[in-house]
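Undergrad: One structure, pasted below without further comment.
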Amino acid sequence: MSVTVYDGKMNDTFKDLKFSVTLNGNNFLLWKRTTLNVLGGRKLTKHIESTYEELKAIDESMVEETWKQYDLNVLSALHCSLDTSILEGYSYCETAKELWDTLTSVFGNETNLTRVYGIKKALGSLNQEESDFNTHFGKYRSLVAELEMLRPFTTDAKVLRERREQDRVFGLLLSLNSSYTDVIQHILRDEK
């Protein structure tokens, strides 16, 4: 599909606009990173960063109808990048920015202890089994990269103490049997 860009010229901004990762609720950071790459490469991030009114204040020549056309295309593409179970809950969002902000609020808690715990659990149970080394290493590296995004390097003594305490709690929780799953989830939700 070709659409008219803001300056009136034709281009292929939305042709084959697809995202390589489907948001399933457990992979927000990967989804966000790959989605930003696709949108940024087509100069469409303004649709998830700003409203029409905010941009109109900066650029008075912006045409609302064209903005809405672009925004609906970005919104539609974002919808296509969501797992069906997530799409059903968030299809009410009317703009790309509203959907982006809502998903970020729900899934993008970068201090999400539940996700840190899940990654540490996955790392602890990761086995090569029948996969080749490159596949195994790719899974390992992906988990480590996500953990590094959730817990970036710091020299802040307070943050380091908090992480050390969290790791002690994770160690205990990881040693519990599956009958404690609900208790573990409750602890992780309440943990600061």
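The values are calculated or read from the model by the stated rules, or taken from the named source; none is laboratory data. Because the structure is a prediction, the values reported are computed rather than measured. Please note: Cβ atoms are built from the backbone with ideal geometry, for glycine as well, and neighbour counts cover all protein chains shown.
Undergrad: Can you tell me which residues in the stretch 122-133 are touching a residue at least 12 places away in the same chain (Cβ under 8 Å), assigned to a helix (DSSP H, G or I) and surrounded by fewer than 15 Cβ atoms within 10 Å (Cβ to Cβ)?
TA: At the first step, the residues of the stretch 122-133 found to be touching a residue at least 12 places away in the same chain (Cβ under 8 Å) are 122-124, 126.
Within this subset, residues satisfying the condition of being assigned to a helix (DSSP H, G or I) are 122-124.
Result: L123, G124.
Undergrad: Identify all residues within the stretch 92-107 that are surrounded by fewer than 16 Cβ atoms within 10 Å (Cβ to Cβ) and either under 17 Å from the mean Cα position of the chain (by Cα) or under 30 Å from E162 (Cα atoms) (or both); write none if there are none.
TA: First, the residues of the stretch 92-107 that are surrounded by fewer than 16 Cβ atoms within 10 Å (Cβ to Cβ): 92, 94, 101-102, 104-106.
Selection gives D101, T102, T104, S105, V106.
Undergrad: What helices (runs of 4 or more DSSP H), lying completely within the stretch 35-119, carry at least 1 residues that are among the basic types (K, R), more than 26 Å from R141 (Cβ to Cβ) and outside the structural domain of R168 (by TED's automatic domain parsing)?
TA: Numbers: elements: 46-49, 52-58, 64-80, 84-90, 96-107.
Once the helices (runs of 4 or more DSSP H) in the stretch 35-119 are filtered for at least 1 residues that are among the basic types (K, R), more than 26 Å from R141 (Cβ to Cβ) and outside the structural domain of R168 (by TED's automatic domain parsing), what remains is 46-49, 52-58, 64-80, 96-107.
Undergrad: Does the stretch 48-57 contain at least one residue that is β-branched (V, I, T) and over 25 Å from E148 (Cβ atoms)? Full working, then the answer.
TA: First, pick out the residues of the stretch 48-57 that are β-branched (V, I, T): 48, 51.
When the remaining residues are screened for being over 25 Å from E148 (Cβ atoms), the result is 51.
There is at least one residue in the stretch 48-57 that is β-branched (V, I, T) and over 25 Å from E148 (Cβ atoms).
Undergrad: Further question: Please go through the stretch 134-156 and give me each residue that is assigned to a helix (DSSP H, G or I) and either closer than 18 Å to L113 by Cβ or in contact (Cβ under 8 Å) with a residue 12 or more places away in the chain (or both), ordered by number. Show your work before the answer.
TA: Initial filter on the stretch 134-156 (assigned to a helix (DSSP H, G or I)): 134-150.
Those that are assigned to a helix (DSSP H, G or I) and either closer than 18 Å to L113 by Cβ or in contact (Cβ under 8 Å) with a residue 12 or more places away in the chain (or both): K139, Y140, S142, L143, V144, E146, L147, E148, M149, L150.
Undergrad: Within the bounds of the stretch 154-167, is there any residue that is surrounded by 13 or more Cβ atoms within 10 Å (Cβ to Cβ), within 24 Å of the chain's Cα centre (by Cα) and modelled with pLDDT under 85?
TA: For the stretch 154-167, residues surrounded by 13 or more Cβ atoms within 10 Å (Cβ to Cβ), within 24 Å of the chain's Cα centre (by Cα) and modelled with pLDDT under 85: absent.
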